[in-house]
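The structure appears right after this line, and notes come after that.
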Amino acid sequence: MSSSVLENQPVAEEPQRPRKHYLNAAHTVGSWLFTTDHKRIAIMYLISIVIFFAVGGIAAAFIRAELTSPRGIMLSNDNYNKMFTLHGVVMIFFFLIPSIPAVFGNFFIPMAIGARDLAFPRLNLLSWYLYMIGGLFAVLAMILGGVDTGWTFYTPYSSMYSQSQVVLTIMGAFIAGFSSIATGINFIVTIHKMRAPGMTWFRLPLFVWSHYATSLVIILGTPVVAITLLLVVVERVLHIGIFDPKLGGDPVLFQHLFWFYSHPAVYIMILPGLGVISELISTFSRKRVFGYHFVAFSSMAIAGLGFLVWGHHMFIAGQSMYQGMVFSILSFLVAVPSAIKVFNFTATIYKGHVSLDSPMIYAMSFLGLFTIGGLTGLYLSSMATDVHLTDTYFVTAHFHYIMVGGAISAFMGALHYWWPKMTGRMYPELWGKLAALLMFLGFNLTFFPQFILGFLGNPRRYHYYYLQPELQIYHILSTAGATVLALAYLLPVFYLVWSLFFGPKASSNPWGASGLEWRTASPPITQNFEETPIVTWEAYDYSSVPDLKEEAEKQAQPPTPVGG
Amino acid sequence: MTHDEHSSHHILPIRVYVTVFVLLMVLLVLTYVAALQNFGILNNVVALTIAVVKALLVILYFMHVRFSTRLTWIYAAAGFVWFLLLFIAFGDYWTRNLNVPAPKQWEPPITLTQPKISDSDHGH
Amino acid sequence: MAIEATQGAVHEHTAAVAAQDEHGPVHHQFEDIEQQNESYIVGMWAFLVTEIMFFGALFLAYAVYRWKYPLVFIEAHKMLDIPLGLTNTFILLTSSFFVVLAVHYHKLNRRKLAATWLFLTVLCAFGFLVIKGFEYGHKFKVGHVPGPNFTFELPASASPEAKEQVTVERAQLFFGLYFAMTGLHGIHVLVGILILTPLAFMILKGHHHVVDDYIPTEMAALYWHFVDVVWIFLFPLFYLIPLH
Ligand code: HEM
Ligand SMILES: [Cu+2]
């Protein structure tokens, strides 16, 4: 490398030449595929994740179209099963789980703590490749005929009877699991060891705290599901009978092991979102997050308690009633830290200087939708009501309120919030607002009717409901909502791509945010900061932000001439 | 705790390793001998206790956890603690077939009859 | 040559320097070797946590079925070879001792000795796998490998309770768990060999940035000890199930 020669010369800033940053540091395909720069890896993740989101979305479109008529309109039973399985597998394993951590966590954790990169950049690159290989397996399974087990792979159907591509799909999920483990380990070490001088734990943005909690869940939970899925494959191939009751196995054990991971996994999906919302709410209310410490610790509490409630998915699965009671009580407990967050966010907005930019609209949507999702979780956690509601559209609505209304709103909010930093361009704000509002409306139209459907007893995962044709109206409403929702997700693709070429240049801190990532250029240089920052201010201290500081000082006292 | 930060460079005398190794060997023999005795249900407890002691020796001395930073301590412990959480599932197996008869007064006061299903009384 | 140029030079940790040498002992993202070493150790432990949970699910499955079918486990485990299991435990414990000596001498920068102990560790690992291979081979011969050819017969002397509880399927379940757990462990031993052997050669060869410091050796050793710890539990759980 010739950089050692260049090093001694002052970096010549020719005014004509564009500033060097991570995006134009190199242009070859190889410079992307073999990069170890966390920002470039994040961009690669962003692109691949959006593609998977589209695949999952297309499957969802088929499902919704099919359900407009009580007897279905185009899919065979088999294909319908494969369609919702594809939707679930892709959305959960290849979109939601990696979405915020691998894109925004990857990009902004090092920047938010003042580091040059993650602790293990090559491991980071490896995680992207693992993700892609896992995705390839899943896509291959889809091409070779698809899977019909549902994303939960319940045994013994998956291990003994299903005639579809179970093995390939499981291999895909298995490999993607290692990708998220790699990310988790990387984040943990980075947050522990790479913080800039002065960046103490309680000066960390809550975004970083929530990713720390997420990473713990990832490394403690993912291996369990990995080995469990592997056992399903082994059972399928060798007919050992670990989960097949006919051979002496216990299918409920599979559910124990599966949900030991998969309930915490729902927190892998939502905790990073909660972290994003902390940033958005604070920035656009121009206020420190109310009860910072409580919000930080509630992330950790969610991570811990989240491991103690898995049995609420098994109330009617043959699990002991007494165990069910314990899990029911614990499930009520886990709602407490989630509620703490919602209360604190609301208190942050209260009397803040709220500006309703598009990221903030997403954040507000999040608050409302996440609350509904969480509260309906309580209906499901109480055994008596769950007997009626389980395996109905009520459950579908519950988790979509959290995963779509919550996690995806947070994802979109994060995308809009950090877009100027990642690309150096501003998007058209009016379009941003329009998409955010459409999303909120479309979402509610899609999923609110599903609560009613579930309450009326419509089971999930069936495409016929001709015994109850009066349910059709709710399904039609839901499909109409899904159309609006699809539009709301498609819009940003257009105006964000447009902004890459024609958008106005973004300043280093267009929102007047306080995080470290906003104190370096947009887009940042490859090393993130010209020199390692030294942190002397608390998190969300808006008077410390350079641009805002001048303003604050002007009001307080005559400005003193300070360089830099 | 700055002295802790540097303790990963701490060099133990070989004597420590040899002692631990000898202890491990003794415990290995003990495992086998204990398995030949009849302690009833305690056999399992004894075997697992010895295994835990062996594992602790390896972890604390060979893996240097005893001389490591607090962070390493926490992570080393976290794995094993979380491993134990898996065994909450036993709560299910132990009580699955437990039959506690309901107290008399809990029986429903009226006898339920099969509701009549006709096309008109759904929904709305 | 890049190393020559940077050695002895006093760095300021500016971005420019940091970007410069991928191949120095300190990677560009770290401020100093201290930070880097600690990061690696913490990272390794975080990885081991995942390993514990990875095996953990299998231990739970083991516990559930042993609790459900105690007599099956007692009868089926009689088919395992205790002397071989005992030998393997001895071998693995010894190898753990060897690898810790390798780390010790690497810390003291006695590279030849460090490499020697690593080679001895690898030798133990091979010994373990060979013995395991014999055991597996024998199971194949007598049809104790789960699959279409699985057979299992109770000795005539078995108790009536045992005769009632033990079925071929349940015996297969035991051997399924046996092969899953020792097999996964065996794969870890194999991976250990694949890590330790090149490491030993690199240490022998001398100046390679990977082995300039003892940390990679320590990390490999941590992994190896973990493999040992798993076996410490597998051995009594499979081979020494109490008969009473
Ligand atoms: C406030 C805390 C929560 C509680 C008390 C709760 C409770 C429940 C319960 C009891 C069920 C089982 C319903 C049934 O199958 O009968 C359930 C299902 C589900 N929940 Fe939640 N939940 C909570 C938060 C979340 C979050 C944060 C997410 C996702 C980010 C989530 C995602 C899901 C999913 C995906 C399912 C359905 C799984 C399936 O069967 O396919 N939940 N929830
Ligand atoms: Cu759950």
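Laboratory data are not the source of any read-out in this text; all were calculated from the coordinates shown. Here the structure is a predicted model, which means the values were calculated and not measured. Ideal geometry is used to build each Cβ from the backbone, glycine not excepted, and the neighbour counts take in all protein chains shown.
How shielded is A:316-328 by partner chains, expressed as the average number of their Cβ atoms within 10 Å of its Cβ atoms?
4
Provide a whole-number value for the mean count of partner chain Cβ atoms within 10 Å of the Cβ atoms in peptide A:119-126.
Shielding by partners across A:119-126 averages 3.
Under a plain spin-label model, where a point goes 7 Å from the Cα along Cα-to-Cβ, how far apart in nm are A:F332 and A:A347?
Roughly 2.4 nm, to one decimal.
Working from Cα positions, state the angle (0 to 90°, nearest 10) between the long axis of helix C:215-239 and the longest principal axis of chain C.
On a 0 to 90 degree scale, this one is about 10.
What's the local net charge at C:I203, with K and R +1, D and E -1, over the other residues with C-beta under 14 Å away?
+2
Considering only the other residues whose Cβ falls under 13 Å of the Cβ of A:P420, what net charge follows from Lys and Arg at +1 and Asp and Glu at -1?
0
What percent do you get for the relative contact order of the range C:36-239 when only Cα pairs under 8 Å and 6+ apart count?
Here the relative contact order equals 33 percent.
Label the range B:3-101 by shape, choosing from rounded, prolate and oblate, from the square roots a ≥ b ≥ c of the eigenvalues of the Cα gyration tensor; if a/c is under 1.5 it is rounded, and otherwise prolate applies when a/b is larger than b/c, oblate when it is not.
Oblate shape, in that a/c is at least 1.5 and b/c is the bigger or equal ratio.
Does anyone have the angle between helix A:321-349 and the longest principal axis of chain A? Alpha-carbon axes, 0 to 90°, nearest 10?
The angle comes out at about 30 degrees.
Could you give the nm distance between label points at A:F202 and A:V493, where each point is 7 Å from its Cα heading toward the beta carbon?
Calculated label separation equals 4.7 nm.
Compute the Cα gyration tensor for the protein assembly as shown, then decide on rounded, prolate or oblate, letting a ≥ b ≥ c be the square roots of its eigenvalues: rounded whenever a/c is under 1.5, prolate when a/b is larger than b/c in the other cases, and oblate in all that remain.
oblate
Exceeding 22 Å between C-alpha atoms, which entries from my cross-link table qualify? They are A:K39/A:K287; C:K68/C:K163; A:K341/A:K421; C:K107/C:K132.
Over 22 Å Cα-Cα: A:K39/A:K287; A:K341/A:K421; C:K107/C:K132.
By how many degrees, between 0 and 90 and to the nearest 10, does the Cα long axis of helix A:166-193 differ from the longest principal axis of chain A?
Roughly 30 degrees between the two axes.
Taking beta carbons within 10 Å but only from partner chains, what does the mean come to for residues B:31-38?
Per-residue shielding by partner chains comes out at 4.
Would you work out if the range A:32-550 is rounded, prolate or oblate? Take a ≥ b ≥ c from the square roots of the eigenvalues of the alpha-carbon gyration tensor; rounded if a/c is under 1.5, else prolate when a/b is larger than b/c, oblate otherwise.
Judged from the Cα gyration tensor, the range A:32-550 comes out prolate (a/c at least 1.5, a/b above b/c).
For an R0 of 45 angstrom, estimate the FRET efficiency from the Cβ-Cβ distance between A:K433 and C:T197 and round to the nearest 0.05.
My answer for the efficiency is 0.15.
Report the label-to-label distance for B:L48 and A:Q472 in nanometres (one decimal), using points 7 Å from each Cα along the Cα→Cβ vector.
Going by the 7 Å Cα→Cβ label model, 6.0 nm.
Around A:D244, with a cut-off of 13 angstrom between Cβ atoms, what is the net charge of the other residues, counting Lys and Arg +1 and Asp and Glu -1?
0
Report, by chain and number, residues whose modeled amide H sits under 5 Å from the one on A:R425, excluding near sequence neighbours (fewer than 5 apart, same chain).
Excluding prolines and chain starts, which carry no amide H, the hits are A:A506.
Let me have the relative contact order for the range A:32-550, percent, based on Cα pairs under 8 Å that are six or more residues apart.
For the range A:32-550, the relative contact order is 17 percent.
With just the Cα atoms defining each centre, how far is the range C:32-103 from the range A:167-203? Give it in Å.
When both Cα centres are located, 24 Å separates them.
Would you please give the FRET efficiency between B:I74 and B:L23, computed as 1/(1 + (r/R0)^6) with r the Cβ-Cβ distance and R0 = 30 Å, to the nearest 0.05?
0.70
For chain A, which longest stretch is free of loop sites, where a loop site is one of the GluC sites (Glu not before Pro) that DSSP puts outside H, G, I, E and B and that has at most 15 other Cβ atoms within 10 Å?
Looking at chain A, A:14-529 is the longest stretch - no exposed GluC sites (Glu not before Pro) with at most 15 other Cβ atoms within 10 Å.
Suppose the chain between A:F294 and A:A339 were pulled fully straight at 0.36 nm per residue; how much longer would it get relative to their current alpha carbon spacing?
Additional length available on full extension: 15.1 nm.
I need the phi-derived Karplus couplings for the range A:113-122: 6.51 cos²θ - 1.76 cosθ + 1.60, θ = phi - 60°, integer Hz, Gly and Pro marked x.
Computed from phi, the couplings for the range A:113-122 are 9, x, 9, 7, 6, 5, 5, 10, x, 6 Hz.
Please work out the C-alpha center-to-center distance from the range A:317-389 to the range A:246-309 and express it in whole Å.
So the two Cα centres are separated by 11 Å.
Which of the chymotrypsin sites (Phe, Trp or Tyr not before Pro) across the range B:38-106 are loop residues per DSSP, with 14 or fewer other Cβ within 10 Å?
Passing sites in the range B:38-106 are B:F39.
Counting other C-beta atoms within 10 Å, and keeping those with at most 12, which DSSP coil chymotrypsin sites (Phe, Trp or Tyr not before Pro) do you find in the range A:439-477?
A:Y466
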